[in-house]
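The values are calculated or read from the model by the stated rules, or taken from the named source; none is laboratory data. Everything numeric here is computed off the predicted structure, so don't read it as measured data. Every residue, glycine as well, gets a Cβ built from its backbone with ideal geometry; the counts of neighbours run over all protein chains shown. Quick note on the areas: whole protein, heavy atoms, side chains included, nothing else; ligands and nucleic acids left out. Shrake-Rupley method; radii C 1.70, N 1.55, O 1.52, S 1.80 Å.
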Amino acid sequence: PRRHEAAGAGSKFMRWVNSETGPKTTHFWGPVANWGFVIAGLNDTVTKDPSSISPKMTTMLCMYSALFMRFAWVIEPRNKILFACHLSNECVQLNQLRRWGTWAYLEDQEGKQEQSQKA
């Protein structure tokens, strides 16, 4: 029985490899390449100061990922890898906007309050 199960797992793997969403298609490699956006955003979160964040570019990346999440959901066959990639990027970019907003507005307000208290 185990030999039969192993053969079934192998053939299931080969069916996926040869499927319309397998690694022989852009349906697979396109989303894999898009994970670079997520990795770059995570790297920026850890290594870059909020003052270096471009709110316009980050907003555009949020819009881009939102559009492609919808695209990944409505195409047939549904591209769950692409959806997961853009959902992750949306979260990373929204966090970057939060970091920038905190730096640009909240820290700026604290600085103004400190200056007015000194005067």
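Helices in the chain, meaning DSSP H runs of at least 4 residues, each add -39500 (n - 2.57). Divided by all residues, the mean residue ellipticity at 222 nm is -26500 deg cm²/dmol.
If you line up the long axis of helix 107-118 against the longest principal axis of the chain, both from Cα atoms, how many degrees apart are they, to the nearest 10? Result, in degrees: 10. Entry for the stretch 24-68 at q = 0.16 Å⁻¹: log10 I(q)/I(0) = -0.53, Debye formula applied to identical alpha-carbon scatterers, no solvent contribution.
The label-point distance for ALA104 and LEU67, in a model that sets each label 7 Å from Cα toward Cβ, rounds to 2.1 nm. When all protein chains stay in place and ligands, DNA and RNA are ignored, the 1.4 Å accessible-area order of TYR105, TYR64, largest first, is TYR105, TYR64.
Relative to the dominant Cα principal axis of the chain, helix 26-47 is inclined by about 30°. To the nearest ten degrees, helix 80-101 and the longest principal axis of the Cα atoms of the chain are 10 degrees apart. The count of lysine pairs in the chain with alpha-carbon distances below 19 Å, taking only pairs 8 or more places apart or on different chains, stands at 4. Summed over the residues of the chain and divided among them, the accessible surface reaches 72 Å² per residue at a probe radius of 1.4 Å. If R0 equals 30 Å, the separation of the Cβ atoms of MET60 and THR26 corresponds to a calculated FRET efficiency of about 0.80. Just so you know, the Cα atoms of the chain work out to an Rg and Dmax of 21.9, 84 Å. Of VAL74, VAL32, the order by accessible heavy-atom surface (1.4 Å probe, DNA, RNA and ligands excluded), from most exposed downward, is VAL74, VAL32.
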